[in-house]
Amino acid sequence: MSPEAPQNPAGLGQGDALELLAYLVTAAELCTREPLHYAMVRLIDAAGRLAAGLERSGAAADLPWITQLHIRIEREKELLMWDRPAFERMLHELAALVADELTPPPTGAAA
Amino acid sequence: MSDVTATTSAEGRAALALMRRRRVRRQFLDEPVSVDAIRQVLQAARWASSAGNRRIHRFLVVRDPVTIARVKPFAPGILASPPALVILSTDLELAAAANVQVERDMNSWIDVGTALMSMMLAAEAIGLGSCPATSFSRGAVARVLDFPPTLVPELLLQLGHPVAKPPTPRRTEARRVTGPTIAALTDWERLGQLEPAEDASSESTGAQPNPSTIQPTR
């Protein structure tokens, strides 16, 4: 973060952002030698860490789905070790959840 | 198939039961692990077999939460927050003194494995949970822990009081969870042959073909 960059009170705290940066770079390095399907858990774990950081900064205060996403990732990320179909089902459902939350309702739709 | 025979001693049965019930534990209570407990786990590593009794590995115990928090971003294999870490490392100076060619000699990694297994069993025996992690950046962790270039971190062992025992898989899920049986992974006397029915040679008992095996080349 550059010194002149404005602080965004609703954004990710610098500590959490740098920690996530370290995690992502390390996860990329591990992809050079680990089973390829581990990349799935690294990415979703990173998403969980991002969600946790947003919660800590207060940026998720009016976005309860962020907490919902975080809780589910923490609860189910280990499924990859012993129930891959369930793990992949979680990924599909979380992708749908995020898409639902970030997609504005169609124009003219009822509130 | 029973894991124990009628002649297995009580001590032997206890050891086998310990091996059977041990599970990787990734979630820990927010409670410190005592020095005594860690010492017992480390002692088990000292008892583990070591190729040629070379002992080229060192152990760094970390209980400081700040240090663990600094390691964690560079160790994606740590999924939660362990109260203690033991970093198993290869000491290249010890290896050189023992004439070990670390990059070519897989015994140095096997020795990490034997130490690890003994440590995890010892942890289980004293009520601790454990989880090994090799998913970490060796270079980054070495820097965070201020290692000299002659000390190479090989494995992180997470230790702590476990949150709860993982649910026992239902029988219908057991195959998927636990993988193939040892019988399916093992051949007797030669490739392609199952274990004999009795404690006798395969020739005398007419051992059956093993359908799961790798077939012999000729």
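The values are calculated or read from the model by the stated rules, or taken from the named source; none is laboratory data. Quick caveat: nothing in here was measured; it's all calculated off a predicted structure. Using ideal geometry, Cβ is built from the backbone for each residue, glycine included, and neighbour counts are taken over all protein chains shown.
Overview of results
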| quantity | calculated |
| --- | --- |
| Matching residues in the range B:138-173 - criterion: being at pLDDT 95 or above, in a loop (DSSP other than H, G, I, E, B) and polar (S, T, N, Q) | B:150 |
| Odd one out for residue A:33, checked against (1) within 11 Å of chain B (Cβ to nearest Cβ); (2) not in a loop (DSSP other than H, G, I, E, B) | (2) |
| Single residue of B:55, B:39, B:46 found to be closer than 19 Å to residue B:160 by Cα and either modelled with pLDDT of 95 or more or not polar (S, T, N, Q) (or both) | B:39 |
| Single condition residue B:100 does not satisfy, out of (1) closer than 28 Å to residue A:25 by Cα; (2) at pLDDT below 95; (3) β-branched (Val, Ile, Thr) | (1) |
| Residue B:89 vs. criteria in contact with a strand residue (DSSP E or B) (Cβ under 9 Å, 6 or more places away or on another chain) and exposed (fewer than 15 other Cβ atoms within 10 Å of the Cβ) | no |
| Candidates B:88, B:79, filtered to the one that is under 16 Å from the mean Cα position of the chain (by Cα) and within 30 Å of residue A:20 (Cβ to Cβ) | B:88 |
| Candidates B:59, B:74, B:28 - the one that is crowded, with 16+ Cβ neighbours inside 10 Å, in contact with a strand residue (DSSP E or B) (Cβ under 6 Å, 6 or more places away or on another chain) and within 14 Å of chain A (Cβ to nearest Cβ) | B:28 |
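Here is a yes/no grid of residues against (1) under 20 Å from the mean Cα position of the chain (by Cα); (2) buried (at least 16 other Cβ atoms within 10 Å of the Cβ):
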residue: B:8; (1), (2): no, no
residue: B:11; (1), (2): no, no
residue: B:19; (1), (2): yes, no
residue: B:24; (1), (2): yes, no
residue: B:39; (1), (2): yes, no
residue: B:50; (1), (2): yes, yes
residue: B:53; (1), (2): yes, no
